[in-house]
1. Return the total of residues in segment 1-29 being at pLDDT below 70, surrounded by 10 or more Cβ atoms within 10 Å (Cβ to Cβ) and out of contact with any helix residue (DSSP H, G or I) (no Cβ under 6 Å at 6 or more places or on another chain).
2. Taking residue 129, is it within 16 Å of residue 49 (Cβ to Cβ), over 22 Å from the mean Cα position of the chain (by Cα) and surrounded by 14 or more Cβ atoms within 10 Å (Cβ to Cβ)?
3. Provide a single number: the residues in segment 57-82 that are in a strand (DSSP E or B) and in contact (Cβ under 8 Å) with a residue 40 or more places away in the chain.
4. When residue 156 is evaluated against the numbered criteria (1) touching a residue at least 40 places away in the same chain (Cβ under 8 Å); (2) surrounded by fewer than 16 Cβ atoms within 10 Å (Cβ to Cβ); (3) more than 20 Å from residue 47 (Cα to Cα), which criterion, by number, is the only one it fails?
5. In segment 100-109, what residues are exposed (fewer than 12 other Cβ atoms within 10 Å of the Cβ) and under 17 Å from residue 157 (Cα atoms)?
6. Among 48, 112, 83, which is the only one that is out of contact with any helix residue (DSSP H, G or I) (no Cβ under 7 Å at 6 or more places or on another chain), buried (at least 17 other Cβ atoms within 10 Å of the Cβ) and farther than 14 Å from residue 164 by Cβ?
């Protein structure tokens, strides 16, 4: 079998291949933005997260949502979490809906749901402490999928934090990338 190129052109071939690979690698990073996406200084503003009010009949949602929201704010780093209640922005919310809807059914018994979608729907408001200006007032939802094993209650207890984390991701994105 003959080589792809002669030994005389091998360094040129290697250089060309390296250059093409470098162009593709750099093009893949072209849209990446380091640091906060809204142009603000990381940690320049602080946020206080008050406990959400639960308007549903489902227990343990408040802790899951508030814990996930606080954790996500800290992970993002654009806003600084203020636990003393004196943040620049105060976030309040109401948990308005907790719903599960069937997405697939047991093949042997079409009346038995096998997979559910679990949704948490909240109304979130964020207010500037100094001016009282409402900077965010939106209905935000988070969801996750559930495969029922043996007990719906214990399965839901395990996946509520996943839906709360999805909700927290959406809320933090609205807070961080908001036009305020």
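1. To start, the set of residues in segment 1-29 that are at pLDDT below 70 comprises 1-7, 9, 28-29.
From what's left, surrounded by 10 or more Cβ atoms within 10 Å (Cβ to Cβ): 5, 9.
Still in the running and out of contact with any helix residue (DSSP H, G or I) (no Cβ under 6 Å at 6 or more places or on another chain): 9.
Residues meeting the conditions: 1.
2. On the way: within 16 Å of residue 49 (Cβ to Cβ): yes; over 22 Å from the mean Cα position of the chain (by Cα): yes; surrounded by 14 or more Cβ atoms within 10 Å (Cβ to Cβ): yes.
Yes.
3. Summing the residues that are in a strand (DSSP E or B) and in contact (Cβ under 8 Å) with a residue 40 or more places away in the chain in segment 57-82 gives 1.
4. So residue 156 meets the others, but not (2).
5. Across segment 100-109, the qualifying residue is only 101.
6. Details: 112 fails: buried (at least 17 other Cβ atoms within 10 Å of the Cβ); 83 fails: buried (at least 17 other Cβ atoms within 10 Å of the Cβ).
Just a single option satisfies the conditions, and that option is 48.
The values are calculated or read from the model by the stated rules, or taken from the named source; none is laboratory data. Just so it is clear, the model here is predicted, and its values are computed rather than measured. Glycine gets a Cβ as well: all are built from the backbone with ideal geometry, and neighbour counts include every protein chain shown.
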